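Chemist: I have a structure here, written as structure tokens, and I will follow up with some questions on it.
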């Protein structure tokens, strides 16, 4: 049996929390850019994925935003 982790997309996170302005301020970008990322109209850079994951406290994972990148996770246990 494989373990599956389900995370929400950035668009889903924005719909639930409605924090477009706050996230934009935290990332130093415009609200319209965050909106375009959330809708999928613009691709998120790898660097921004990491920042978004931190800003959303891990609710939106890099793997969800950019599944085309091989994200390596280091486990510290």
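Only the coordinates and a few stated rules stand behind these numbers; no lab work does. Since this is a predicted model, take the numbers as computed values, not measurements. Cβ placement follows ideal geometry from the backbone for every residue including glycine, while neighbour counts extend to all protein chains displayed.
Chemist: Please find the FRET efficiency linking residue 66 to residue 31, where r is the Cβ-Cβ separation and R0 is fixed at 22 Å, and quote it to the nearest 0.05.
Modeler: On the way: r = 21 Å, r/R0 = 0.96.
Efficiency at R0 = 22 Å is approximately 0.55.
Chemist: While we're on this one: Roughly what would the spin-label model give for residue 22 and residue 57, points 7 Å off Cα along C-beta, in nm?
Modeler: Placing both labels 7 Å beyond Cα along the Cβ direction yields 0.9 nm.
Chemist: Could you calculate the contour length gain from residue 73 to residue 39, that is, 0.36 nm times the residue separation minus the distance between their Cα atoms, to one decimal place in nm?
Modeler: 9.6 nm
Chemist: Next question, about the same structure. Give the relative contact order (percent, whole number) for the chain; include only Cα pairs under 8 Å separated by 6+ residues.
Modeler: For the chain, the relative contact order is 33 percent.
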